[in-house]
1. Spelling out what I want: for every residue of the range A:211-216, take phi, set θ = phi - 60°, compute 6.51 cos²θ - 1.76 cosθ + 1.60 (Karplus), and round to whole Hz; glycine and proline get x.
2. List every residue whose amide H lies under 5 Å from the amide H of C:LEU41, counting only residues 5 or more places away in sequence or on a different chain, with H placed 1.01 Å from N in the peptide plane.
3. For C:SER75 and C:ASP167 in the same chain, what is the full-extension length gain: residue separation times 0.36 nm, less their Cα-Cα distance, in nm?
4. What accessible surface, in Å², does a 1.4 Å probe find on A:LYS218, ignoring ligands, DNA and RNA and rounding to the nearest 10?
5. Helix A:45-68: angle to the longest alpha-carbon principal axis of chain A, degrees 0 to 90, nearest 10?
6. Ignore the peptide's own chain and count Cβ atoms of other chains within 10 Å of each Cβ in B:165-171; give me the average, rounded.
7. Calculate how many DSSP beta bridges within the protein assembly as shown are antiparallel, expressed in % of all such bridges and rounded to the nearest 5.
8. Could you tell me the accessible area of C:ASP117 in Å² (1.4 Å probe, neighbours in place), rounded to the nearest ten?
Amino acid sequence: MILIFWYYFKREFEISISQITDILSQLVFFILIMMLFPIALGPDPENLKEFGIAIIWIAAFVSLTPAYDRLFSDDYIHGFIEKSAHNAQPLGCYAAAKCFCFYLITALPLLIILPFICLMIGINISFYGEIALSLALGMFGMTLLGGIASSLVLGARRAAILGAVLILPLSLPILIFGCMSGLALSEDLSMRPHIFMLLAIDLCLVVMALPAMQAGLKNAIENA
Amino acid sequence: MFDYFANPSRFNRAVKLVLPWLEIIAFGFLGYGLYLALLNSPADYQQGDAVRIMYIHVPAAWIALSSYLLLGICAFFFLIWRHPLAEIAASAIAPIGAGFSALTLITGSLWGKPIWGVWWVWDGRLTSMLVLFFFFIGYLALSNAFDQSERGARPAAILALIGCINLPIVKFSVDWWNTLHQPASIMRSGGIAIDSSMLSPLFTLFIAFQLFFIVIVLMRMQTVLNNRKIESHILRG
Amino acid sequence: MLIDQPIKPDLTLANISVIRGQKLIIDKVCFSVPAGGICVLQGPNGAGKTSLLRVIAGFLPNSAGVLMLGAHLFSPLKSTLPIWYIGAPYGFHPNLSARKNLVQIATMRGLSLPEEDIFHINDFTEQPIRTLSSGQLQRLALSQLCLQSSNQSPALWLLDEPNSALDSSHCLILETLIEDHIRKGGRVIASAHQTLCKHLSPEIIQLEILK
């Protein structure tokens with residue numbers, strides 16, 4: 001099972017490398033959304049500092065939600081999902097590998113440029129580790145939600161928008177605890193409770209997402 | 001009873017028998033409840049007549065919340081046992097639940113204006129009701145997003161189930177969010193004590209809304225069943 | 001000692017019916033394929049050939065009837081019997097090379113690449129899938145059938161129009177491959193417009209468009 005997970009992961013990784021511009025445009029999209037805030041709110045550094053962490057989270061959410069729709073749709077159209085149903089392995093294994101790879105190629109670049117983002121909106125750079133940790137946890141949960149939504153909307157009209165409509169209400173807890181951990185930082189409080197909450201939400205989502213994605217993919221195959 | 005109603009035509013017959021009576025009782029309760037609420041209950045000493053909005057607002061909120069739970073239960077029965085009526089029931093409940101949560105939001109807003117002076121407050125309860133409304137919208141959007149109309153039933157059921165599990169988490173986190181950010185001072189903290197003279201119209205209307213909800217759901221289910229019958233007749237030629 | 005289960009059981013379709021979108025598209029199809037047997041589905045477009053193959057592959061649920069392997073119910077996605085469903089879309093990723101796609105499938109199924117290049121895919125093996133012609137694509141897809149296994153039982157091949165884009169020489173190669181597979185005790189169910197493997201005198205299942 002772990003071996004098969006690794007094979008799927010490797011395939012996914014090879015595909016993502018062959019489409020490296022997608023990763024970059026995803027990143028640029030994130031930075032652009034972030035740039036909208038100073039322009040809309042005004043350049044006042046105090047203001048930006050106050051909303052800084054919220055801005056990062058919103059930019060991450062908004063830039064990612066439309067991307068999730070592509071998680072399974074390519075493989076669905078090319079007929080890969082149904083073929084992998086014959087590999088004598090549960091589809092959940094495929095879905096998990098896919099989500100994990102997607103998580104890495106979206107979260108890692110974001111965490112790499114995060115220090116620069118922090119500098120740009122005046123967040124104290126010494127908080128980088130804490131912010132990165134909460135963001136990494138939050139994006140993990142988001143990816144699982146995205147995976148669920150993506151498997152459910154396979155074959156639907158206007159799947160990208162629909163996926164976002166499904167994800168965003170479900171993702172509120174992640175946003176709340178993510179931003180509150182930032183708030184705790186700026187008030188010199190411990191952010192551990194929020195980090196643990198994020199972790200708990202992630203674990204809940206892992207338990208929920210695997211069977212849900214499996215059921216969603218199976219249903220999509222049956223109606224191909 | 002569960003298996004008994006797996007046969008749609010049997011269900012249809014039972015509904016035909018029960019529905020007229022239910023309608024009469026529901027509208028009886030509705031009329032009596034409205035009479036109690038609008039004419040035969042005291043005005044609040046602080047809020048004046050505006051308090052009467054509560055008699056619509058609170059039962060609607062209860063129905064909205066419980067109908068999402070019901071939606072999740074139906075989805076569960078549909079996914080696990082493939083019960084044919086469960087799917088129809090789920091698709092019948094969703095728009096009504098959305099309607100009731102919209103009604104809750106609108107009446108809440110109307111109530112808020114004279115009492116708080118603003119149309120909307122980002123209070124925990126209002127926010128989670130808004131999220132609930134979007135849960136319903138998501139369900140409806142997903143179940144109608146496919147060109148083959150019956151294709152959406154299973155994805156939507158999975159979504160409803162996930163939503164049901166997530167609902168307490170969302171509710172809890174929204175509450176936490178609301179208490180950590182300073183709550184608006186116009187909101188009163190703690191429970192609201194209701195005088196017993198206000199309780200009787202509230203409960204009458206609650207029963208009326210519940211019955212009304214059941215009547216509408218049954219009617220919608222009947223319509224869907226009849227529609228399918230017609231379609232299969234057309235297909236058979 | 002009594003053996004109540006034949007070692008090489010028949011794959012039997014009993015009264016398989018399929019309803020899609022409230023329309024009956026396959027009505028009570030019955031046939032069985034023994035180990036070392038071949039079955040060819042024929043019929044006009046829209047008669048349900050692909051749908052029937054997808055039912056046997058386990059992709060499409062049947063509305064009525066059962067699939068049996070010997071005396072047991074056969075559930076394709078859980079069975080230990082290896083299944084190859086070859087039909088468009090073939091499941092290749094357009095941006096990866098033909099070789100990479102094939103290697104991925106082989107590793108996931110625990111198989112090794114054949115030494116012999118039966119379908120002559122070496123000419124385009126480093127090209128990305130999106131640049132291949134439909135004939136080349138079909139040859140690549142059929143090459144999956146040549147992947148070698150060390151210890152697996154002979155697979156069930158479900159071929160959906162396997163020769164629709166092949167030239168005549170590759171059609172012959174395909175027929176030889178099928179003949180070889182049958183001789184080893186494999187089962188083949190194929191759909192075809194043109195005649196396929198006439199010399200093996202396959203069982204012909206005629207499907208009709210249902211009114």
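1. Calculated HN-Hα couplings, in order: x, 5, 5, 4, 5, x Hz.
2. C:ALA190, C:SER191, C:ALA192, C:ILE205
3. On the way: separation 92, 0.36 × 92 = 33.12 nm, distance 3.52 nm.
Stretched out fully, the C:SER75 to C:ASP167 stretch lengthens by 29.6 nm.
4. Taking all protein chains as shown, A:LYS218 has close to 90 Å².
5. The angle comes out near 10 degrees.
6. Details: counts 6, 10, 2, 0, 9, 6, 1.
Whole-number average of other-chain Cβ neighbours for B:165-171 is 5.
7. Details: 17 of 34 bridges.
Around 50 percent antiparallel, to the nearest 5.
8. Roll a 1.4 Å probe over it and C:ASP117 shows about 40 Å².
The values are calculated or read from the model by the stated rules, or taken from the named source; none is laboratory data. Worth saying up front: this structure is predicted, and the values here are computed from it rather than measured. No Cβ is skipped: glycine too gets one built from the backbone with ideal geometry, and neighbour counts run over all protein chains shown. All accessible areas refer to the heavy atoms of the entire protein, side chains included, with ligands and DNA or RNA removed. Shrake-Rupley method; radii C 1.70, N 1.55, O 1.52, S 1.80 Å.
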